[in-house]
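Scroll down for the structure; my scribbles are underneath it.
The values are calculated or read from the model by the stated rules, or taken from the named source; none is laboratory data. Everything quoted here is computed from the prediction, not taken from an experiment. No Cβ is skipped: glycine too gets one built from the backbone with ideal geometry, and neighbour counts run over all protein chains shown.
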Amino acid sequence: MTEERASEEKPYRRLETQTLLQQIAFRHGLEAMQASENGELAWVTSGFPVEIPIAMNLGVVYPEQAGAIIGAQKIGPDVCGFAEDLGYSQDLCSYARASIGSTEKPEEVPMGSLPTPQILLACNNICGTVLRWYDAISEMTGAPVFLLDTPPIEKEQLPHNQEYVRRGVERLIEFIGSHFNRTLEEDRIHEVANLSSKATKLWIRALEACKNKPSPLNCADRFLTMAPVVSSRGTEHCVEFYESFVEEVEERVKNGVGAIRDEKVRLLWDNIPPWHTLRFFNMLASRGVGFPADTYTHAWTGNMVGIDTPSIIDEVVETYSKVYLNMGLDAKVDKMCQLINDYDLDGFVMFSVRSCKRYSLGQLVSKEIVTERTGVPGVIIEGDMVDSRVYNAAQIETRVDALLEMLM
Amino acid sequence: MGIGIDVGSTTTKGVLLDSSGKVVAKSLMLTGASAIQAVEKTLHSISSLSNINLKDIPVISTGYGRARVELAIKSVTEITCHSVGVHHINPNIRLLIDVGGQDAKAIRIGPSGRPEDFELNDKCSAGTGRFLEVMARVLEVSLDDLGPLALQSKKPSSISSTCTVFAESEVIGHIGAGESAADIAAGVHVSMVSKISALSKRVGVQEPVCVTGGVALNPAFVYYLSNQLGTELWVPEDPQLTGALGAAVIALEKKGKTT
């Protein structure tokens, strides 16, 4: 649809910080390889309280992030296929299939396979699939699995659930301690929590800058720059990255420079993006359509206040029980309405992701409620984040075009 | 004048309007394997029917093949075009249900004739014209005869599956069990209507309701859908042409703006 044009004519602007992002990703990869060689690498789920393994000096990597990279390389169907060859269903989460597939045939997935883990840390605050998925990886690699069980929260977290999660976190510390023969040092966890909190606060600052018109960041920018806050929070270099990033974002705001050249329509994006077709956002950018907010990158705004509270463990329990996907439908609807109002958005696009039932369930109902409460129209499109076989571009285009015809 | 061309998955439609918005010529043919050829033939047909040289008359394209219509000044989705087309003939309509060859849509039309909300079927042929085509073949009747056959039934067979492929084997099971073709045909319509009515209710059933698309020509579909929604359904004279008509209306509007 869009021809390759010189950078200055492209409808969207490239972030200078992207170069730094590549460096940080490269560094993260090297550190993970080193950790694996030293026998101290953990694979963790995206909603895991990563501050604890980091404070206990383990290396960490995220199979979900590897899945996103596999998706972006457009090899999702092949790599998911390796898992399907083992007998896994096409209905299984494509992050899980990509992870199992790349563990089965790492030589076929040079950029997306992760170094061998010594321990697998799963938290079901993002979904229930992670346990079975990590069990499968455990069978393939021999690394033991620890599950941190966080019961879903409808409104407030019940006291007995809070206590239950608290004991889970204590068991986690014991589990890592006995497996690697080390203890969690009080000073170190405070330091890590503090760094994590700093990075998260900077991330929130960048997200909130998108309330400006034009928005300094579009959807694809945030999907890419969220990587460190997901995978490296609790480290110095993560904080450094976000300091540079926020500087660039705020510079754009100061100069009235938008992420896209001619912002006419502002939309909300709901759910994980189609990593294989991020150009979806660029194609819309060429028509003046931007996405100043999305529920996905805003899910990483849980803020650890590392220094002011007496108990880091309580802080961990609070932060990781209340992640976006562990809350009920009401909380999701509230969040979407809040984003639409705060960011002054004209409409919303909900991506119904075949893989992610936890995220996509309830979208039909919430679409109605969000429109009722905010007065802006929305549309549901279907597909998958990694497996492009279930992404029908023509159907998606018709739905999104129809939404835009209602707005423009 | 203005031309609208609707390149659908099954048929390609064309409408030529005069400057007062009256239909001068219309055309409908199978899309076949080449959308480009179907468009050429459609233009040719409209031109010879009206005896008018179409040069310089603005064209708006719509339908799944809308990007294939090179001479169109703009392509507009079938969702907007159907709304505008139906509004052009009956401005009172508030809910439009369009059932074509490969998709089904429920569209809430605002007072200005533009869509306010819409729902489309998922990636599945159940609830579309294709579903009826497959079932007609299994029952060995023509598509045109399927509806009248179903209306003879007093006790529609139960078809639980909403998947075209599984429903086909269910129908074959009913045939084996000796159920009448009329009852099975009626069951097929009831099953299809249940999907379409769910889609419509999601958008909100606001009367008066209009049905368009090729499937609107099927009397059993209209009968069962009307029962299911508990409302009368209005079917325009050429229910397959409303998308192309809407596109032609938009072409006229565009022309008005530029002259």
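For the range B:75-98, the condition holds for at least one residue, the condition being that it is closer than 30 Å to B:P58 by Cα, within 14 Å of chain A (Cβ to nearest Cβ), part of a loop (DSSP other than H, G, I, E, B) and without any contact (Cβ under 8 Å) to a residue 24 or more places away in the chain.
Being in contact with an Asp or Glu (Cβ under 9 Å, 6 or more places away or on another chain) and within 14 Å of chain B (Cβ to nearest Cβ): is that true of A:A394 here?
Working: in contact with an Asp or Glu (Cβ under 9 Å, 6 or more places away or on another chain): no; within 14 Å of chain B (Cβ to nearest Cβ): yes.
So A:A394 does not fit the description; no.
Within the range B:59-78, the presence of at least one residue that is crowded, with 19+ Cβ neighbours inside 10 Å, more than 20 Å from B:P115 (Cβ to Cβ) and at pLDDT 95 or above is confirmed.
Looking only at the range A:261-274, which residues are surrounded by 19 or more Cβ atoms within 10 Å (Cβ to Cβ) and either modelled with pLDDT under 95 or in a loop (DSSP other than H, G, I, E, B) (or both)? Selection gives A:N271, A:I272, A:P273, A:P274. If you go through the range A:16-44 and keep only what is at pLDDT below 95 and in a loop (DSSP other than H, G, I, E, B), you end up with A:E16, A:T17.
Please pick out the residue among A:T235, A:T277, A:T225 that is buried (at least 23 other Cβ atoms within 10 Å of the Cβ), out of contact with any His (no Cβ under 7 Å at 6 or more places or on another chain) and among the hydroxyl-bearing types (S, T, Y). Show your work before the answer.
Values: A:T235 fails: buried (at least 23 other Cβ atoms within 10 Å of the Cβ); A:T277 fails: buried (at least 23 other Cβ atoms within 10 Å of the Cβ).
Residue meeting the stated conditions: A:T225.
Can you tell me how many residues in the range A:381-391 are facing chain B (nearest Cβ under 8 Å) and aliphatic (A, V, I, L, M)? Final tally of qualifying residues: 1.
Out of A:E37, A:E16, A:E64, report the one residue that is touching an Asp or Glu at 6+ places or on another chain (Cβ under 7 Å) and more than 23 Å from A:N194 (Cβ to Cβ). Quick ask: steps written out before the conclusion?
On the way: A:E37 fails: touching an Asp or Glu at 6+ places or on another chain (Cβ under 7 Å); A:E64 fails: touching an Asp or Glu at 6+ places or on another chain (Cβ under 7 Å).
The unique qualifying residue is A:E16.
Residues that are within 11 Å of chain B (Cβ to nearest Cβ) and surrounded by fewer than 18 Cβ atoms within 10 Å (Cβ to Cβ) were ranked within the range A:338-370; the one that is nearest to B:G204 (Cα to Cα) is A:E368.
Quick check on the range B:188-207: of everything there that is hydrophobic (A, V, I, L, M, F, W, C) and more than 16 Å from the chain's Cα centre (by Cα), which residue is nearest to B:V222 (Cα to Cα)?
The selected residue is B:V190.
Per-residue answers, yes or no, for (1) within 18 Å of the chain's Cα centre (by Cα); (2) polar (S, T, N, Q); (3) under 30 Å from B:V39 (Cβ atoms):
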{"site": "B:L149", "(1), (2), (3)": "no, no, no"}
{"site": "B:K155", "(1), (2), (3)": "no, no, no"}
{"site": "B:A167", "(1), (2), (3)": "no, no, no"}
{"site": "B:A185", "(1), (2), (3)": "no, no, no"}
{"site": "B:V209", "(1), (2), (3)": "yes, no, no"}
{"site": "B:S226", "(1), (2), (3)": "yes, yes, no"}
{"site": "B:E237", "(1), (2), (3)": "yes, no, yes"}
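One residue stands out in the range B:116-147 among those that are out of contact with any Pro (no Cβ under 9 Å at 6 or more places or on another chain), outside any loop (DSSP other than H, G, I, E, B) and among the acidic types (D, E): the one that is nearest to the other protein chains (Cβ to nearest Cβ), namely B:E119.
Note on the range B:99-115: residues that are within 10 Å of chain A (Cβ to nearest Cβ) and farther than 18 Å from A:V379 by Cα total 1.
One line per residue, one yes/no per condition, for (1) of a type in the set (A, V, I, L, M); (2) at positive phi; (3) assigned to a loop (DSSP other than H, G, I, E, B):
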site	(1), (2), (3)
A:E163	no, no, no
A:I176	yes, no, no
A:R182	no, no, yes
A:H190	no, no, no
A:A193	yes, no, no
A:L217	yes, no, yes
A:R222	no, no, no
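The residues in the range B:102-116 that are surrounded by 21 or more Cβ atoms within 10 Å (Cβ to Cβ) and out of contact with any Leu (no Cβ under 7 Å at 6 or more places or on another chain) can be counted, and the count is 1.
When the range A:67-94 is filtered for residues that are assigned to a helix (DSSP H, G or I), small (G, A, S) and surrounded by fewer than 24 Cβ atoms within 10 Å (Cβ to Cβ), the ones remaining, listed by number, are A:A72, A:G81.
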